[in-house]
1. Could you give each residue of segment 490-506 its phi-based ³J(HN,Hα) in whole Hz, using Karplus coefficients 6.51, -1.76, 1.60 with θ = phi - 60°, and x for Gly or Pro?
2. So which of LYS159/LYS265; LYS147/LYS265; LYS46/LYS159; LYS234/LYS265 end up more than 22 Å apart by C-alpha?
3. Where the centre of each part is set by its Cα atoms, how far does segment 76-95 sit from segment 455-491, in angstrom?
4. I'd like the Kirkwood hydrodynamic radius of segment 117-270, using the inverse of the mean 1/r over distinct C-alpha pairs, in Å.
5. What is the ratio of the Cα radius of gyration of segment 1-160 to 2.2 N^0.38 Å, where N is its residue count, to two decimals?
6. What ³J(HN,Hα) values, in whole Hz, does the Karplus curve 6.51 cos²θ - 1.76 cosθ + 1.60 give for segment 282-296 when θ = phi - 60°, with x put for Gly and Pro?
7. Roughly how tilted is helix 471-489, in degrees to the nearest 10 and between 0 and 90, from the longest Cα axis of the chain?
8. Applying a 10 Å radius around every beta-carbon, put 139-148, 451-460, 231-240 in order of their mean neighbour count, most first.
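Read-outs: derived from the displayed coordinates by stated rules, not from any lab. These figures come from a predicted structure and were not determined experimentally. Note that each Cβ is placed from the backbone with ideal geometry, even for glycine, and that neighbours are counted across all protein chains shown.
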Amino acid sequence: MTKIFNDPADFKNEVINGFALAYPDYVRQVPGASGFIRSGGPRAGKVSLIVGGGSGHYPSYSGVTGVGFADGAVLGDVFTSPSAEQVYRVARAAHGGAGLVLAFGNYAGDRLNFAAAADRLRAEGVDVRIVYVTDDIASATAAEMDKRRGIAGTFTVYKAGGAAAERGDDLDTVERIMRAANARTFSFGVAFAGCTFPGQSGPLFAVAERTMDFGLGIHGEPGVRSDAWMPASKIAAALVEPLLAERPAGARRAAVLLNGLGATKYEELFLLWSNVWPLLADAGVEPVMPEVGELVTSLDMAGCSLSITWLDDELDELWRAPAQTPAFRRGGVHAFERAEVLERSETFERYVPPGQAAVAGAAEQAGPESECAAAVVRDALRAMTAVVVEHEDELARIDAVAGDGDHGSGMVRGSRAAQSAAEAARGGVETVLAAAASAFGDRAGGTSGVLWSLFLRTIGESLGDVEPVDPARLARAVRRGAAAMKDFGGAELGDKTMLDALFPFVDALDANLAAGAALADAWAAAARSAVEAAAATSRLVPRIGRARPLAKRSVGSPDAGATSMGLILTAVGDVLARHRG
């Protein structure tokens, strides 16, 4: 297990601080952000490549920040997408004037947060492209390649894009090259033991003795199938054969990575490579500058993955190109460093989304009824924090059945931050909820962070800072918040998400109020509907998100997001009952 830590909640921040102290010649930390840009700042007129995702995967992402590779890296908490705010800060600091490529593995939280950051950058006039990597053949069929996860193949896709940007290619070309590299990259992995979050006593999943899991995910997701122990020669065949089955017609040269996941020793990897190489040679594959070692890890998971990127002449040149980063160094890079570098100090204020500028100074404009309602909002956020803290381990356990087990910790981080921000904010409901929303999204990260941030903000926008909050207005505001989450996240009812608890709640709330129930009673009854609906998600098969590749394992267990939604709505109902009258 992960044994070195102080407070597990500070794990990511302390890792970032230590990395900054260790490699000042390569990177510098962006002030006020959980990420880095290459030392010296962005090169003037150069396309900048920003990579990122959850912590726990070193040397992704900070370890490949430098000349010839990534221009910036942004890190979320362990296995959790960085927030849109953090992505924005690192990307803006890395922008050299020729546009940005934001690149990440294909996970719902990353797609939502990076997309939100891209929208904000575009609103400021920056040309931004998004490339997400889909190399994991275990997570979807070839016919549904867009649904595949990004695992260790991210390394070669980022390397191709970084080398193209370094040699001076324009934004269109860098994007095209990265998409081409992604389309020609395939990965498959095996786990011998699960990984353990800092501070936790057990792994996210267990591999039975004398067995191994094939088709694992890098966020602690178990494999899609288990097999009995087998010798290295058979492991090699089990990894190579499914990758060769997706080989493009005529492909021969390949960038090949045998990637350790964190606890498998280099000697074991070299032994396995001695069994992989003959299989590739027999199939007519020519490995070009293969890499054997830790490239994209999963904390302390025991296991490895094999990645193949089929090279054409253009990708071959970019794969061989020099790079100089803390964790990956190839060839000489002195020629790159003659270019003009932009030196600047970035300062950031808390982001106020479009349409929210009028909230500034709202404390002076807030109506007394809205200020009174804001006090109830603060109480509700305290209750929200208390209930997710109480159930943190349960939510983590549910999430780990077919996901990465971080839902409980993410909700705790977000709720605590939202509560703190709301208590410091002065004004009406909109002002208080806007502060809470920004803090929740920034601290929680991941899918839950961006969606709960949108939910809270939309409710606040609907209620405003002046008018009193009556039951009908509150019900409309919650429904608008639910609709905003649905539209932004792209989930449908029945996909096994938090929406499967939220929409039954809003329907029941409307019906109860229409029947003449008082707000507290109507809310409490609707919350019971949400809890029942959350429990019923155990019968559903996940159709989106990290649980989708492990859909069969998920059946029989409720959705963690729906469960936390039911708990929170119930806790808020208790607050409304205390404030009755």
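1. Each residue of segment 490-506 in turn: x, 7, 10, 4, x, 7, 6, 9, 4, 4, 6, 9, 6, 5, x, 5, 5 Hz.
2. Beyond 22 Å between Cα atoms: LYS159/LYS265; LYS147/LYS265.
3. If we compute the Cα centre of each part, the gap is 27 Å.
4. Working: mean 1/r = 0.0568 Å⁻¹.
It is 17.6 Å.
5. Against the compact-globule rule of thumb, the ratio is 1.00.
6. 5, 8, x, 8, 10, x, 9, 6, x, 10, 10, x, 8, 10, 9
7. Tilt of helix 471-489: around 10 degrees.
8. So the order, starting with the most tightly packed, is 451-460, 231-240, 139-148.
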